[in-house]
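Data block below; observations after.
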Amino acid sequence: MHSINGGTFTISRELITFVDSLIRQDYTEEVVLIDNFQNPIMIEDLKSFLEDITSKYFEVTNDYHAEFVKLRKARKVHKLMDIEQDD
């Protein structure tokens, strides 16, 4: 989630792609986006908004990946322990 100017946005690949598309079409300043609660929110600096949401997206997905790897390793160790107990 990202909050700005009283609005709350769920950060997703779709939001990142949409904002990037707007920037590529030269919409870089004062763009109104609809937030999670259907409120129109003025985004004064679209490039900065894109940097913020992209940074948060990768921060969260990297954390998720690290936890996923830990869980996968823990499951493998647990399976090995179960096999040893059966022998």
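With only alpha-carbon atoms counted, please give the Rg and Dmax of the chain, in Å.
20.2, 68
Would you order F58, F37, F49 from fewest to most other beta-carbon atoms within 10 Å of each residue's own beta-carbon?
F37, F58, F49
Which of Y27, Y64 comes first, and how do the rest follow, when ranked by fewest Cβ neighbours within 10 Å?
The order, fewest Cβ neighbours first, is Y64, Y27.
Under a 5 Å amide H to amide H cut-off, with H placed in plane at 1.01 Å, what residues pair with D35 once short-range neighbours are removed?
Placed amide hydrogens put I41 under 5 Å from D35.
Most fluctuating residue of V31, V19, V69 in a GNM of the chain with Cα springs under 10 Å: which is it?
Looking only at V31, V19, V69, the largest GNM fluctuation is found for V69.
Every read-out reported here was derived from the displayed coordinates using simple, explicitly stated rules and does not represent laboratory data. Given the structure is predicted, the values throughout are model-derived calculations rather than measurements. Cβ atoms come from the backbone with ideal geometry, glycine included; neighbour counts cover every protein chain shown.
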